[in-house]
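Following: one structure in structure tokens, then a few remarks.
A short reminder: the numbers here are calculations on the coordinates, not readings from a lab. These numbers were taken from a predicted model, which means no experiment stands behind them. Note that we place each Cβ from the backbone using ideal geometry, even for glycine, and neighbour counts take in every protein chain shown.
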Amino acid sequence: MVRITLVQGDITAEKADAIVNAANSSLLGGGGVDGAIHRRGGPEILAACEDLRRSHYGKGLPTGRAVATTAGRLAAGHVIHTVGPVWSREEDRSHLLASCYRESLRVADELGARTVAFPAISTGIYGWPMDDGARIAIETVRAARTSVEEVRFVLFDAAAHAVFETALGQA
Ligand code: ADP
């Protein structure tokens, strides 16, 4: 079973084998964690994303999918970019959020990664409620068949960390 750990902080500083980026489908950068990863990781990450756009994802990376690039100047070994769903009150998109975690772990397995750091995907600009996002994240990682040994959730603030702590106790 995967060991789940929680830390509060900035995911761009993590020394994991791979860190996950809450990207958008363009793969060309954005706000939030995406912007921070590109800023700190340097232009090599964007160049790799542009190559992926040209070679495989001309229409963008679909929601719920994941793809890996170099981590540029970051301490991590790789960046796995995944596209979370935008929160919707009308439509249940939970399966797409779960897919982000599952697909990221599948890509991590392909990379041979043993430690993977995740942000709370979709809970920022995409508006997903933190408690539900935490529940889906933890349930999906617990149920995953993967060779990854440790999944570290890196929560940006104390409030998010507390919500994940509660979800970890309850899941
Ligand atoms: P999304 O568009 O998927 O909602 P965001 O980047 O806007 O992605 O937010 C996802 C989560 O990541 C939010 O909870 C946000 O507070 C958090 N976050 C933003 N910057 C960082 C960072 N540098 N490290 C870790 N988490 C971050």
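Here are the numbers:
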{"quantity": "For the stretch 111-171, fraction of C-alpha pairs farther apart than 13 Å, in %", "calculated": "61"}
{"quantity": "Cα long-axis angle, helix 130-143 against the chain (0 to 90 degrees, to the nearest 10)", "calculated": "80"}
{"quantity": "Restricting the stretch 1-96 to trypsin sites (Lys or Arg not before Pro) in coil, as DSSP defines it, with at most 13 other Cβ within 10 Å", "calculated": "15, 59, 73, 89"}
{"quantity": "Compactness of the stretch 26-106 as Cα Rg over 2.2 N^0.38 Å, two decimals", "calculated": "1.12"}
{"quantity": "0 to 90° range, to nearest 10: angle between helix 158-170 axis and the chain longest Cα axis", "calculated": "60"}
{"quantity": "Cα pair count fraction exceeding 24 Å, expressed as % - the stretch 33-171", "calculated": "29"}
{"quantity": "Rg followed by Dmax, in Å, when the stretch 14-71 is reduced to its Cα trace", "calculated": "10.8, 32"}
{"quantity": "Two-site FRET efficiency, residue 26 against residue 147, from Cβ-Cβ distance with R₀ of 41 Å, rounded to 0.05", "calculated": "0.85"}
{"quantity": "Selection of GluC sites (Glu not before Pro), the stretch 112-171, meeting DSSP coil and at most 13 other Cβ within 10 Å", "calculated": "149"}
{"quantity": "The stretch 36-102 and the stretch 152-171: distance between their alpha carbon centers, rounded to Å", "calculated": "22"}
{"quantity": "222 nm mean residue ellipticity, helices alone, for the chain (DSSP H n ≥ 4; -39,500 (n - 2.57); rounded to 500)", "calculated": "-12500 deg cm²/dmol"}
